[in-house]
Amino acid sequence: MGRRPSPAMALPCTAGRWLLGLALLAGCNQAPPATAPPTVAAAVPGPDLATLTDSAAPAALLAYGRQYPGSEILVRTRLGNIRVRLYDDTPIHKANFLLLARKGVFDETMFNRVVKDFAVQGGQTYAARTIRLKRYRLPPEFRAGHFHHKGALGMARYDDEQNPGRLSSNTDFYFVVGEKLAPNQSQAMAGRRLTPAQTKAYATVGGVPSLDGQYTVFGEVVEGQDVVDKIANEPVESDKWPVKDIPIKVEVVR
């Protein structure tokens, strides 16, 4: 996984317009009009991200999800938009994603790991930030009915040696791309008995069955799978970071 800070963003060139405004005011020999006091953005409700811990996060997020529900998010990128439905039976992961989206955490991130025919990952937040965020983790919410078919939304995590409890990252998410697999292939990769519906999905849609039961799947793409495919086909550097950055903007739409 790439571990480099996001490049600084250049401010738009507005100097000429600013100087022209001063010249017009001077020509009229008038004092500039009084300006209204700056608007203070309303605080986004929910737990303080700087105080959440592995042990405190689950209860706080469950309470937040009950008070401020949501079901769909929109991920905006330079290649198009991805609309995602979040699952109700993974309530901790769902509430966490809604909370971070509403607080603008993902808007300071980008897709940082792209592996063609496997997955595209984003949401990494190690760079300089304007939003204070503690690195808490989420307990796994594995559900037999949620598997790694193409278009599934999952949460990344450290490997088993560092993380035997398979706790999820609080920010690093991924969309599954995968490949179409014959029934014997998907069965062998899964390491468990697949249902007929899962076997059919892996054969007709594709996916990565080896991730099942290892990483929490908590949503799926409902519109914009073509955008995920475009991201997966972007040229990447040796660390799998796209050659041309793909910034992310996330909003809760329903």
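The values are calculated or read from the model by the stated rules, or taken from the named source; none is laboratory data. Since the structure is predicted, the reported quantities are computational estimates derived from the model, not experimental observations. We place every Cβ from the backbone using ideal geometry, glycine too, and count neighbours over all the protein chains shown.
Please pick out the residue among Val114, Val105 that is of a type outside the set (Gly, Ala, Ser) and under 18 Å from Leu211 (Cβ atoms).
After applying the criteria, what remains is Val114.
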* Do the conditions hold for Phe147, that is, is it touching a strand residue (DSSP E or B) at 6+ places or on another chain (Cβ under 8 Å), over 14 Å from Gly219 (Cβ atoms) and crowded, with 23+ Cβ neighbours inside 10 Å? -> no
* Inspect segment 240-252 for any residue being of a type in the set (Phe, Trp, Tyr), part of a strand (DSSP E or B), touching a residue at least 60 places away in the same chain (Cβ under 8 Å) and out of contact with any Cys (no Cβ under 8 Å at 6 or more places or on another chain) and give the result as yes or no. => no
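Per-residue answers, yes or no, for (1) assigned to a strand (DSSP E or B); (2) at pLDDT 95 or above; (3) small (Gly, Ala, Ser):
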| position | (1), (2), (3) |
| --- | --- |
| Ser55 | no, yes, yes |
| Ala63 | no, yes, yes |
| Ile73 | yes, yes, no |
| Asn81 | yes, yes, no |
| Ile92 | no, yes, no |
* Is it the case that some residue within segment 66-74 is buried (at least 16 other Cβ atoms within 10 Å of the Cβ), farther than 21 Å from Ile231 by Cβ and more than 17 Å from the chain's Cα centre (by Cα)? -> no
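Among the residues of segment 113-141, what is the count of those that are of a type outside the set (Phe, Trp, Tyr) and at pLDDT below 95?
Number of matching residues: 12.
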* Among residues of segment 150-171, those that are in a loop (DSSP other than H, G, I, E, B), of a type outside the set (S, T, N, Q) and crowded, with 20+ Cβ neighbours inside 10 Å, counted -> 3
* **In segment 60-116, the residues that are among the hydroxyl-bearing types (Ser, Thr, Tyr) and closer than 25 Å to Ala43 by Cα** => Tyr64, Tyr68, Ser71, Thr109
* Taking into account only those residues within segment 79-107 that are basic (Lys, Arg) and in contact with a strand residue (DSSP E or B) (Cβ under 7 Å, 6 or more places away or on another chain), which is farthest from Leu167 (Cα to Cα)? -> Arg83
* Just wondering, is there one or more residues in segment 176-190 that are exposed (fewer than 13 other Cβ atoms within 10 Å of the Cβ) and assigned to a loop (DSSP other than H, G, I, E, B)? -> yes
* Structure fact -> Checked Leu167, Leu153, Leu181 against criteria (hydrophobic (A, V, I, L, M, F, W, C) and touching a Lys or Arg at 6+ places or on another chain (Cβ under 6 Å)); the one match is Leu167
* Where Asp245 falls short, out of the listed (1) surrounded by fewer than 17 Cβ atoms within 10 Å (Cβ to Cβ); (2) at positive phi; (3) under 21 Å from the mean Cα position of the chain (by Cα) -> (2)
* Only one residue in Gly219, Gly145 is out of contact with any Ser or Thr (no Cβ under 6 Å at 6 or more places or on another chain), in a loop (DSSP other than H, G, I, E, B) and not hydrophobic (A, V, I, L, M, F, W, C), so which one is that? -> Gly145
